[in-house]
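S.K.: For reference, the structure I am asking about is given below.
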2 protein chains.
Amino acid sequence: MRRHDHQTTQADLTAGAVLAPYLQDQAAEFLRSLRLHRENSAPTDAGSHGAEEAAGALRRSSRRIGGTLHTFRAALDATWAEQLRTELAWLSGTLAREHAYATRLNRLLEALHALSGTSLPTARHGSGSDGATDKERAALGVGAARAGALLERQLTLARTRAHSAALQALGSSRFHAVADAVALLASEVPLAPAAAAPAEEMLHGPADRAEQQLLGAVAALPSGQAVEPYNEAQDAPWHRTRLLLRLHRYAHEVVRGAPDPVLAAPGHALDLHRDASEAAAAAASAARTPRIAPATAYALGVLHADQRHEVTAARGVFRTSWPYAAAVITP
Amino acid sequence: MRRHDHQTTQADLTAGAVLAPYLQDQAAEFLRSLRLHRENSAPTDAGSHGAEEAAGALRRSSRRIGGTLHTFRAALDATWAEQLRTELAWLSGTLAREHAYATRLNRLLEALHALSGTSLPTARHGSGSDGATDKERAALGVGAARAGALLERQLTLARTRAHSAALQALGSSRFHAVADAVALLASEVPLAPAAAAPAEEMLHGPADRAEQQLLGAVAALPSGQAVEPYNEAQDAPWHRTRLLLRLHRYAHEVVRGAPDPVLAAPGHALDLHRDASEAAAAAASAARTPRIAPATAYALGVLHADQRHEVTAARGVFRTSWPYAAAVITP
């Protein structure tokens, strides 16, 4: 943390005077997105573009409120903060699912399209020779096309279910309680008595701890030398780092009043890492469908490996962009 | 070419005085390897370690003699040079096949082993859920094991056939004519009258042309930005560059009397590129086997993509190591 700058901007403010406007802004954003979502939602089909954007904005404000309640809980009513945080995590998780299936399908179909120049064999062509003939080559895309159709079927079904679940959640009494709590938050933040202390004293310690947790997680990531692209158990510390980077980013927004631009590139790399990891798992899952043709299974195998290599590539981008962020964070 | 150094070492030599000892050394090496090969060969099974080493040495000297006959043909009896070169290309091509199948199988089995931590599904597990259960995970290696067995069967058969073909070639009258020609070469090199001219005049021009062809081929390689990992048509200019680098390396050995160490790293990268490209094609070819299980096809798809990414990685290594070589070649 750049204490120097904090002192310049927040020298005389209480913790509550820094925390409350941030939470109130995010709560207002939450309520605005909710209104937009209602105006743009048709209950029958998967969300319109407007509804998707509104759901995205709703998730973003939910995550920011939840992260702030977590990081700065010492300056807030503890029971209230913990309960609202849990409910916001449920809400943003529920809303995220539909978006994740849509993103995953797009990613996989784009990757399959890029693979279409490859030697995807069909079950009909049984020659053991190297090098496909022109005739064979013309039929090579069949496995990729079938794999695409299978993924489209499975992920569209999953997306539709997630859409219904999200609409159901947004109509539930559980959600109404969350929306009420956020509406209250927009007008008044339940601060702890400690929030009357200077921001420097009450907020910078927790923000520094969020930063230290991020730095610790990055330091514990396996080195580039130890890459095993197909060891999916190795993804977990990266996913954890992604969440810690997000918490750090939100804490930075609270205490500095603006996002830290140096976190954008490593954060984006960790998002791509998560997307590729989940897309690879979806390809593997589709390949477990009973009675698929070998050509389809083959294309799914190519796709799985391709996405696992995207996982490795995203780690490389993170490793390249991180030192710049780290140098700014801990000068 | 570092003309400066050539002048130091070959100032007063004729082209023949430089060319003849090199060709005679390589011819002697050819005959020694042939003797070793005969001593270590059992006609019934795939070659012993000693026979493999001897065949490797035989290919190396064949390639060097052939390359030299090609690059410096103006200083040699043209008809003789062209004919012997063609026959040596046939011989080294025939001998290379057995080695190539063995290398390919090793590479693919090692890659499959590295993949065994991955989500290779089995046909029996048909759940469409994300994330395999422990029970599923225990069975995930089945596809990889079957793919390994299939590749082992196909490539061992191909290797055995190549071994028989090589033994047959080494017993043929065509081969005896080659061996006789090389035995003659070991005692006397059929030089052209022009070989009486200074080495500087007769050899450096052709060596420079070999170098320019290499530099031209490297300059024409598609850029790293334009990578399409599954576009196998893009491999051809890399394979061509590999052959031109080899011709340049041999020309350098002739005119400088020793291999150029800066060519080792980019040359090795192009060898890996070729190996990975052919291994990927073998995985695709195995997936065209009729009636294979979907789990086997899936594992072969993963393997194909994995080897295609090795192709891309080898290009990256070449691009990293090449500037050092280029800086030394054209200072």
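S.K.: For chain A, what does the alpha-carbon gyration tensor say about shape, rounded, prolate or oblate, given a ≥ b ≥ c as the root eigenvalues, a/c under 1.5 as rounded, and a/b over b/c as prolate?
M.R.: Since a/c reaches 1.5 but b/c is at least a/b, the shape of chain A is classed as oblate.
S.K.: Using r as the Cβ-Cβ distance of B:Thr79 and A:Leu157, and R0 as 51 Å, what FRET efficiency do you calculate, to the nearest 0.05?
M.R.: 0.10
S.K.: P(r) tail for the range B:256-324, what percent of Cα pairs lie past 21 Å?
M.R.: 41
S.K.: Could you tell me the calculated FRET efficiency between B:Ala114 and A:Ala28, based on Cβ-Cβ distance and R0 = 35 angstrom, to the nearest 0.05?
M.R.: 0.10
S.K.: Next question, about the same structure. With +1 on each Lys and Arg Cβ and -1 on each Asp and Glu Cβ, how big is the dipole of the protein assembly as shown about its Cα centre, in debye rounded to the nearest 20?
M.R.: That gives a dipole near 1440 debye.
S.K.: List the trypsin sites (Lys or Arg not before Pro) in the range B:248-315 that DSSP assigns to loop (not H, G, I, E or B) and whose Cβ has at most 14 other Cβ atoms within 10 Å. Which are they?
M.R.: B:Arg291
S.K.: Counting helices only, and only those DSSP H runs with n ≥ 4, report the 222 nm mean residue ellipticity of chain A as the sum of -39,500 (n - 2.57) divided by its residues, in deg cm²/dmol to the nearest 500.
M.R.: -26000 deg cm²/dmol
S.K.: Could you line up B:Asp12, B:Asp275 from fewest to most neighbouring Cβ atoms inside 10 Å?
M.R.: B:Asp12, B:Asp275
S.K.: Decide, for the protein assembly as shown, between rounded, prolate and oblate: order the square roots of the alpha carbon gyration tensor eigenvalues as a ≥ b ≥ c, take rounded if a/c falls under 1.5, and otherwise choose prolate if a/b is larger than b/c, else oblate.
M.R.: Prolate is the answer for the protein assembly as shown, as a/c is 1.5 or above and a/b outweighs b/c.
S.K.: Rounded to the nearest 20 Debye, what is the dipole magnitude of chain B about its Cα centre when Lys and Arg each give +1 and Asp and Glu each give -1 at the C-beta?
M.R.: Here the size comes out at about 820 debye.
S.K.: If you don't mind, another one. Please work out the Cα convex hull volume for the range A:142-277 and give it in Å³ per residue.
M.R.: Here the figure is 182 Å³ per residue.
S.K.: Also: Using Cα atoms only, what is the angle between the long axis of helix A:294-329 and the major principal axis of chain A, expressed in degrees (0 to 90) to the nearest 10?
M.R.: Approximately 30 degrees, to the nearest ten.
S.K.: Provide an ascending nm list, one decimal, of label-point separations from B:Ala183 to the equivalent residue in each further copy; define each label point as 7 Å from Cα along Cα→Cβ.
M.R.: With the label placed 7 Å along Cα→Cβ, B:Ala183 yields 10.4 nm.
S.K.: Shortest first and in nm with one decimal, please list how far the A:Thr156 label point sits from its counterparts in the other copies (point 7 Å along Cα→Cβ).
M.R.: Spelled out, the distances from A:Thr156's label point are 4.6 nm.
S.K.: Let me confirm one metric for peptide A:228-235, namely the mean number of other chain beta-carbon atoms within 10 Å of its residues' beta-carbons.
M.R.: Rounded to a whole number, the mean comes out at 4.
S.K.: Could I ask something else about it? Shortest first and in nm with one decimal, please list how far the A:Ala327 label point sits from its counterparts in the other copies (point 7 Å along Cα→Cβ).
M.R.: Here the equivalent label points are 2.2 nm apart from this one.
S.K.: Then there is this: Once the dipole of the range A:151-204 is set up with Lys and Arg at +1 and Asp and Glu at -1 on Cβ about the Cα centre, which of A:Ser172, A:Ser187, A:Ala162 lies farthest towards its positive end?
M.R.: Checked the options; the winner is A:Ala162.
S.K.: Moving to a separate point now. Find the percent of Cα-Cα distances in the range B:211-331 that exceed 17 Å, and round it to a whole number.
M.R.: 58
S.K.: Within 10 Å of each Cβ in B:305-315, how many Cβ atoms from other chains are there, averaged over the peptide?
M.R.: 4
Rule-based calculations on the coordinates, nothing more; no lab input. Quick caveat, the model's predicted, so the values are computed rather than measured. With ideal geometry, Cβ positions are generated from the backbone for all residues, glycine too; neighbour counts draw on all protein chains shown.
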